[in-house]
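Working notes, structure below.
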Amino acid sequence: MRCPFCHVDNDRVMDTRAMEDGYVIRRRRHCNSCHRRFSTFERMERIAIRVVKRDHNREPFNPEKLRSGIERACWKRPVSTERIQELTQRIESTIYEKFEVEVPSEQIGEIVMQHLSEIDEVAYIRFASVYRAFGNAQDFIREISPYLPLTKR
Ligand SMILES: [Zn+2]
């Protein structure tokens, strides 16, 4: 690894530590040239999963869209931003655990509904009613605003 200070490629690893429950490896390095220390992080390369829509078109899975969809379903509900963030991450992990390269959009919707039902009934009903009408979670996320009077701005 090239040293960020002197740019010489001559270092030794001083220690290696697992972080984030073993999903990240941190290596502390010592530059043999300038004797400064730096760290490198190694993490899993995540292959972007693709969403298979009902019309069989594919689009990249977008956690940001997922989050804003959940946020809208939780509009004016007693659900904190942290909770929404946490829920989004949990749903994302579930998707990556269950599916490898592609996930049908219906499955995303089912997973979201399952999680929402445990958190807030109103948010769940909002999501479920609009989602079922669309039959596509990503379309739902894109189109939800006009269908929810509460989200009108
Ligand atoms: Zn150096």
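Worth pointing out:
- Residues that are surrounded by 11 or more Cβ atoms within 10 Å (Cβ to Cβ) and under 30 Å from PHE99 (Cα atoms), drawn from segment 19-41: MET19, VAL24, ILE25, ARG26, THR40
- Test set (1) in contact (Cβ under 8 Å) with a residue 40 or more places away in the chain; (2) on the phi > 0 side of the Ramachandran plot - ILE119 fails condition number: (2)
- Any hit, segment 124-132, residues being over 30 Å from VAL24 (Cα atoms), open to solvent by 50 Å² or more (accessible area, probe 1.4 Å) and either touching a Lys or Arg at 6+ places or on another chain (Cβ under 8 Å) or of a type in the set (Gly, Ala, Ser) (or both): yes
- Here GLU97, GLU102, GLU92 are screened, and the one residue that is under 16 Å from the mean Cα position of the chain (by Cα), loosely packed, with under 13 Cβ neighbours inside 10 Å and at pLDDT below 90 is GLU97.
- The single condition among (1) more than 30 Å from ARG29 (Cα to Cα); (2) out of contact with any Asp or Glu (no Cβ under 8 Å at 6 or more places or on another chain) that ILE84 does not meet is (2).
- Count - residues of segment 65-85 that are under 10 Å from ILE119 (Cβ atoms) and without any contact (Cβ under 8 Å) to a residue 24 or more places away in the chain: 1
- Cβ-Cβ under 6 Å pairs, at least 6 apart or on other chains, segment 1-26 side within 13 Å of PHE38 (Cα to Cα), far side open to solvent by 70 Å² or more (accessible area, probe 1.4 Å) and more than 16 Å from the ligand (Cβ to nearest atom): ARG26/ARG17; ARG26/PHE41
- Residue list for segment 43-60, restricted to those being open to solvent by 60 Å² or more (accessible area, probe 1.4 Å) and out of contact with any Ser or Thr (no Cβ under 9 Å at 6 or more places or on another chain): ARG43, MET44, GLU45, ARG46, ILE47, ALA48, ARG50, ASP55, HIS56, ASN57, ARG58, PRO60
The values are calculated or read from the model by the stated rules, or taken from the named source; none is laboratory data. On a predicted model such as this, the values are computed, not experimentally measured, just so you know. A quick note on method: Cβ atoms are made from the backbone with ideal geometry, for glycine too, and the neighbour counts reach across all protein chains shown. Side chains included, ligands, DNA and RNA excluded: accessible areas come from the protein's heavy atoms. Shrake-Rupley method; radii C 1.70, N 1.55, O 1.52, S 1.80 Å.
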